[in-house]
Amino acid sequence: MTTETKKMIRGGALLARAFKEKGIDHAFTLAGGFCNPALEGFMECQMPVINTPHEQVAGHLADGHARITRKPTLCLVGPEGFANAVPAMLEAWGERSPVIFVTGSSTLKRQGSGGFKEIDDVAIAAPLTKYSEQIVDGSRISEFVDRAWKAATTGYPGPVHLALPVDIMFSSFPEDAGLDERPFDRTDTPVPRAWPDPSALGPVLETIKNAERPVVIAGHGVWWSKTENKLAEACNKLRVPVYNVPYHTKNLGEESECYIGLADFHQFHPSKPAIHEADVVVMVGCRLDNQMNFGNPPFILEGTKPICVNGSHEELDYNHGADMPLLSDPGAFLDAMGALDKSWDSWFDLQVQRRSEWVMEWSAHLEEEDAKHQAGDCKMHPLQLGVDVQAEMNDGDWLVFDGGNTHFWNEIATNIAAKRGLKLGGIMHPGNYSLLGVGVSFGLSAKNVHPDKNVVVVSGDGAFLSGGLLVEACFQENPPIVVIIDNNGGLDCISQQQEKLFKNGQHYATDFRDIPFHTLFEGMGGFGELVTKREDLSGAIQRAIASGKTACVNVKCRGVISPIVAATADKRDKASIE
């Protein structure tokens, strides 16, 4: 009698099979020797691998893909590449994006003895992830993938990290290693959701029903729980105005009447009287963090009752200042709220009117600024650039913006364009850590997921220099995106703060030379055009889109301090809460 010999495969192949079983459809990496067995496994599994020129862009691509699809994604790096990927880990952590970072790390056998490229990646990743562990036994690879997956998706989602030492990566194990233990089903299973305790839900609903001027502030929890349609349905029916937390511009579509704008007193002025006059502020899927001034005045006034609803008890821990915390899946709560028999028509109409007046004020201001530009007194205003770019976009197109003042001016521009009827397919930008250099990577992510839509990236020159040079990945993968450079010749967001803060009124160490970004794209095989006058912008954007190539429109704008940066410089404090 002969014993059947089990097929042996490398640890890297076990890793690839485990992720394939979970439903991962792409891996993002910079191919390195420590990860070759995993790459071979992906090839055998017929899983596409996007190779990038730098690990940071691999992480941002994985993050962008996760934000759009709302599914976990995989970023695979070597030990030295892990250090390059840390900024992407930070960005994903800030947005609670379920990216699974895997390090092909230094040898386990000689750990602590100065092995080749040895770093303590598990400890470095720990404060930036929900879960960071090293796999020390090849037979448990599938188990650790399952653990990491559940950590990334359960409760409030977020990035996780696994380290697979190179000696385990290359060693051989039975192809069914570890599969004889529970859970036997290691496919992607539905995420457990918290249902509200009726004894806690009842008083919350009663408080909302008795309110005279309620507002809703929606955060990341709505997006990741895929309940934005329930938010729109409930608040459109009840006629309750909805504001998004700062740095989360796209939650509801522009076609949702209840969405008014950002809960940011400087970026969107009408939010201030609405929140100050509200008697109840319902925060769904948000934190009472620095953006909300931790629930304190002068953001939420003392006489206003904040209600915090979140599907994760960990996130509710941050909301300890809430008058009424509620542990609940956002969708379950919104269903219950939407069943209330009441509406707030006059209160809602007032916020719509305030938004319209705000758009009219900015439009009048831009007319004055454009008259100066046309007279030759100055370069184009950066807000005018943002508004004009969106005027060339179609419903369903994707917009990405990246930078300091560039980011903030484009937040304002999106609200103006939405009020004028544009219904973008999606908006992406840096998260609450304001990490520059994500724009091109997010643009490529959007184009990979929506190849039939135009994707436009509006980037400051400083932001492009921080990460946009990795546009090579766009040429390598060949999905064309259009990059508009808001070129003001330096780190304008910083220099303007310096000019307000420094005693001599000058700025220091923030200037760039005149960089011909458009010729860089031409040299790489793309389309490039320089624009110095507003009347030439529309045609340049149309030619860039029509080229079918990754394109750059390099626009000379003047530096104009945005409202939030001006307030930051004046107060030396977080502007959106002052």
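The values are calculated or read from the model by the stated rules, or taken from the named source; none is laboratory data. The structure displayed is predicted, hence computed values, not measured ones. Cβ coordinates were reconstructed from backbone atoms using ideal geometry, including for glycine residues, and neighbour counts include every protein chain displayed.
Key figures
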quantity: Filter result for the condition that a residue is in contact (Cβ under 8 Å) with a residue 60 or more places away in the chain, under 29 Å from LEU424 (Cα atoms) and in the same structural domain as ARG534 (by TED's automatic domain parsing), over PHE333, PHE401, PHE408; calculated: PHE408
quantity: Filtered residues of segment 103-162 (kept if polar (S, T, N, Q), in contact with a Gly (Cβ under 9 Å, 6 or more places away or on another chain) and within 29 Å of ASN310 (Cα to Cα)); calculated: THR129
quantity: Hey, ASN319 over 24 Å from LEU424 (Cα atoms), buried (at least 21 other Cβ atoms within 10 Å of the Cβ), touching a helix residue (DSSP H, G or I) at 6+ places or on another chain (Cβ under 7 Å) and of a type outside the set (Phe, Trp, Tyr) or not; calculated: no
quantity: Number of the exception - ALA125 against (1) within 30 Å of THR69 (Cα to Cα); (2) touching a residue at least 24 places away in the same chain (Cβ under 8 Å); (3) surrounded by fewer than 22 Cβ atoms within 10 Å (Cβ to Cβ); calculated: (3)
quantity: Test: residue in segment 369-383 that is touching a strand residue (DSSP E or B) at 6+ places or on another chain (Cβ under 7 Å) and among the aliphatic types (A, V, I, L, M); calculated: yes
quantity: Helices (runs of 4 or more DSSP H) contained in segment 444-514 and holding at least 3 residues crowded, with 24+ Cβ neighbours inside 10 Å and charged (D, E, K, R); calculated: none
quantity: Criterion: under 29 Å from the mean Cα position of the chain (by Cα), buried (at least 24 other Cβ atoms within 10 Å of the Cβ) and under 19 Å from VAL99 (Cβ atoms) - qualifying residue of ALA31, ALA66, ALA83; calculated: ALA66
quantity: Subset of segment 174-231 (residues that are among the basic types (Lys, Arg) and not assigned by TED's automatic domain parsing to the domain that holds GLU315); calculated: ARG182, ARG186, ARG193
quantity: Hits in segment 416-439 - residues which are touching a Ser or Thr at 6+ places or on another chain (Cβ under 8 Å), touching a residue at least 60 places away in the same chain (Cβ under 8 Å) and in a helix (DSSP H, G or I); calculated: LYS419
quantity: In segment 276-300, the residues that are touching a residue at least 40 places away in the same chain (Cβ under 8 Å) and surrounded by 23 or more Cβ atoms within 10 Å (Cβ to Cβ); calculated: ALA278, VAL281, VAL282, MET283, VAL284, GLY285, CYS286, ARG287, MET292, PHE299
quantity: Members of segment 223-259 found to be modelled with pLDDT of 95 or more and of a type in the set (A, V, I, L, M), listed by number; calculated: LEU231, ALA232, ALA234, LEU238, VAL240, VAL242
quantity: Lone unmet requirement of (1) buried (at least 18 other Cβ atoms within 10 Å of the Cβ); (2) in the same structural domain as ALA540 (by TED's automatic domain parsing) for LYS423; calculated: (1)
quantity: Answer residue from segment 515-561, given it is assigned to a helix (DSSP H, G or I) and among the β-branched types (Val, Ile, Thr) and is surrounded by the fewest Cβ atoms within 10 Å (Cβ to Cβ) among those; calculated: THR519
quantity: Spans of helices (runs of 4 or more DSSP H) in segment 9-119 with at least 2 residues among the charged types (D, E, K, R) and farther than 28 Å from LEU179 by Cβ; calculated: 55-69, 79-95
quantity: Residue count, segment 125-179 (criterion: part of a helix (DSSP H, G or I), within 18 Å of PHE34 (Cα to Cα) and not aliphatic (A, V, I, L, M)); calculated: 3
quantity: Within segment 128-149, tally of residues that are in contact (Cβ under 8 Å) with a residue 40 or more places away in the chain and under 23 Å from VAL191 (Cβ atoms); calculated: 8
quantity: Which numbered condition GLU472 misses (of (1) under 28 Å from the mean Cα position of the chain (by Cα); (2) of a type in the set (Asp, Glu); (3) farther than 26 Å from ILE50 by Cα); calculated: (3)
quantity: Considering residues of segment 207-227 that are surrounded by fewer than 22 Cβ atoms within 10 Å (Cβ to Cβ) and farther than 19 Å from PRO325 by Cα only, the residue nearest to the chain's Cα centre (by Cα); calculated: LYS226
